[in-house]
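The values are calculated or read from the model by the stated rules, or taken from the named source; none is laboratory data. Since we're looking at a predicted model, the values are computed, not measured. Neighbour counts run over all protein chains shown; Cβ positions are idealised from the backbone, glycine included. Surface areas here come from the heavy atoms of the whole protein model, side chains and all, with no ligands, DNA or RNA. Shrake-Rupley method; radii C 1.70, N 1.55, O 1.52, S 1.80 Å.
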Amino acid sequence: MPSAPLPSHVRVLVIGAGFGGLGTAIRLQQHGETDFLVVEKGTEVGGTWRDNTYPGAACDVPSQLYSFSFAPNPDWSRSFSPQPEIQAYLRRVADEAGVLDRFRFGTAVEDAAWHDDDASWTVRTTAGTVTADVVVAAAGGLSEPRMPGIDGIEGFNGEIFHSARWNHDYDLTGKRVAVIGTGASAVQIVPEIADRVAHLDVYQRTAPWVMPRRDRDYTTAERLGFRHLPGLQRLYRTAIYWGRECFVPGFTVNPGLAAPAKKAALANIARGIADPALRAKVTPTFEIGCKRILISNDWYPALARDDVDLVTNPITKITGSAVVTADGVEREVDAIVVATGFYTTEQPIAGHITGAEGRTLAEVWSEDGMAAYKGTTFHGFPNLFQIVGPNTGLGHSSMVFIIESQIAYILDALSRMRSDRLTSVQPRLGAQRRWNADVQRRLARSVWNTGGCSSWYLDAHGRNTTLWPRTTFTFRRLLSRFDPEQYVTTTRSGVPAPTDRRVTA
Ligand code: N01
């Protein structure tokens, strides 16, 4: 069914319909704000959970916590939900909230530009142009697949696809397959496909830490309880939340606190692999937590199979039919699964957003890396809010908690703009700098910065511009109220608002 045409103007334009964009839309509606539109380049809601359909895809945060606080789901089948359940949950929540008439699917943003003269954004999309008072960018932190720059990769004649763009029309059964990468996606894919393929080569550049996965089906009694005793789900959610918050000091202050996790991960290797040479190959050489800690019970047993080879020699090139490593060995394959992650520190959406001074966010960030005020707003980019912006990512808990904290901040900002008749708000440069200096100071002693690894948390300058270095309840507290005193604000006449005169940058 063709989408309805775009309106010419909305108060709030939301980009993206994943957890961030969908949650924003629902909360806007709940707060009585109906003048909004969500544009989404894909064909339905879900974001990363719509796109990552690879075999074995599941969340490594229990769904009781990895779900909206305002939309509990009594139907989760197990503690760590598989992707189809999460995607079905998001579809159902969107349907039930009655917001989908304000979503335009198949509509990609080409560029968004701020205009000071009428204090609005002009957003050009593949379906037409819309102006907006406020833009909420919720395009996702892990949405743009990163293909590795391996010599010859474009000339491979077999089947090749990224883990986030799985080709379900291609049957891997009986094929010789290579998987490049050993991150969160690969550790889920490899055990799932190992049974089906004729032979599997797994190319490992860095061995990850992999803990046991404490996953199980919920019992019938639990599921009945979730449905009929609302307090039970809240209890599970709260217990999971606080259990995970306990990990924060091990990441941010004293990596020594992660010793029990390290012990469990080493035991996981010992349980899954008997061969000492293979055990040595999979044993990480950096501090646990430096890269994302993975969870799996079947990763190591899969690597130990006779029909699976773990290749640790670096890949030097790909020919029409084989992967070639530095030792000169050529391994012929029919298909290559590229599980090499995403663009995280150079977010593609940033290249499409132009601020008050005519520069894109990407141009501003190219100098010192990504930076925002409270991970959400940007000096020089009035009335722009980003969900899952710089330094909002987590190594230990649910991003949905962070997303809901940001949405609450945005709603408060919108209320304040309305009550104070503000036409534009942007954080003061000083406020943004102080925020980031504090974040970077805290990150400097974290395991992500000191643990002896390179990861997608760090940008080309070696700065950690992705992770939040404190507890999630601190993040929520700091974003609990929109703080106009930290903002440059204007009113309809173009003059600075009264709040603006109280503080100097
Ligand atoms: O990507 P990654 P991912 N040649 O960047 C390797 C979330 N997620 O898709 O470690 C050879 O983690 C790279 O090697 P190295 C989660 O936040 C969640 O797996 O850089 N190898 C690494 O092994 C996660 O962190 C879930 O040395 C190359 C791998 O590819 C994030 O998504 C599931 C290479 C990339 O790992 C990304 O996970 C899936 C090259 N040129 C994802 N380039 C769950 O909730 C890269 N690599 C369970």
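Structure notes:
- Gyration tensor verdict on the range 282-322 (Cα atoms; rounded if a/c is under 1.5, prolate if a/b is larger than b/c, oblate otherwise): oblate
- Taken along the Cα-to-beta-carbon direction at a fixed 7 Å, the label points for ARG214 and ALA88 span 2.7 nm.
- Length released on extending from ASP75 to ALA198, taking residue separation times 0.36 nm less the Cα-Cα span: 40.6 nm
- Pairs of Cα atoms nearer than 8 Å and 6+ residues apart set the relative contact order; for the range 65-166 it is 12 percent.
- Contour minus Cα-Cα distance for ASP116 and ARG476 (0.36 nm per residue): 126.5 nm
- A simple spin-label model places pseudo-atoms 7 Å from Cα toward Cβ; at ALA4 and GLU44 they are separated by 2.1 nm.
- Stretch gain in nm, segment ALA259-ALA444, where the contour uses 0.36 nm per residue and the Cα spacing is subtracted: 64.6 nm
- The range 1-63: C-alpha gyration tensor shape, a/c 1.5 cut-off, then a/b vs b/c: oblate
- Per residue, in Å², the accessible surface of the chain once ligands and nucleic acids are set aside, probe 1.4 Å: 42 Å²
- Estimated dipole of the range 282-424 in Debye, rounded to 20 [Cβ of Lys and Arg +1, of Asp and Glu -1, Cα centre]: 720 debye
- FRET efficiency, ASN167 to SER493 (Cβ-Cβ, R0 35 Å, nearest 0.05): 0.05
- Calculated FRET efficiency, GLU332 to ASN297, Cβ-Cβ distance, R0 = 30 Å: about 0.45 to the nearest 0.05.
- Chymotrypsin sites (Phe, Trp or Tyr not before Pro) within the range 30-90, DSSP loop, no more than 15 other Cβ atoms inside 10 Å: PHE70
- Restricting attention to the chain, lysine pairs at least eight places apart or on different chains and with alpha-carbon atoms under 25 angstrom apart total 8.
- Rolling a 1.4 angstrom probe over the chain with all protein chains present gives an accessible area of which 53% lies on carbon and sulfur atoms.
- Shape of the range 71-227, Cα gyration tensor, a/c cut at 1.5: oblate
- Value of [θ]222 nm, deg cm²/dmol, for the chain, DSSP H segments ≥ 4, -39500 (n - 2.57) each, nearest 500: -9000 deg cm²/dmol
- Spatial extent of the range 392-451: Rg and Dmax, with the Cα atoms as the point set, Å: 15.5, 48
- Sites listed here are trypsin sites (Lys or Arg not before Pro) in the range 186-239 whose DSSP assignment is loop and whose Cβ has at most 16 other Cβ atoms within 10 Å: ARG196, ARG205, ARG214, ARG216.
- Computed from the C-beta positions of ARG305 and SER419 and an R0 of 60 Å, the FRET efficiency is 0.40 to the nearest 0.05.
- Unpaired Cys in the chain, meaning no second Cys C-beta under 4.7 Å: CYS59, CYS246.
- 0 to 90° range, to nearest 10: angle between helix 259-272 axis and the chain longest Cα axis: 40 degrees
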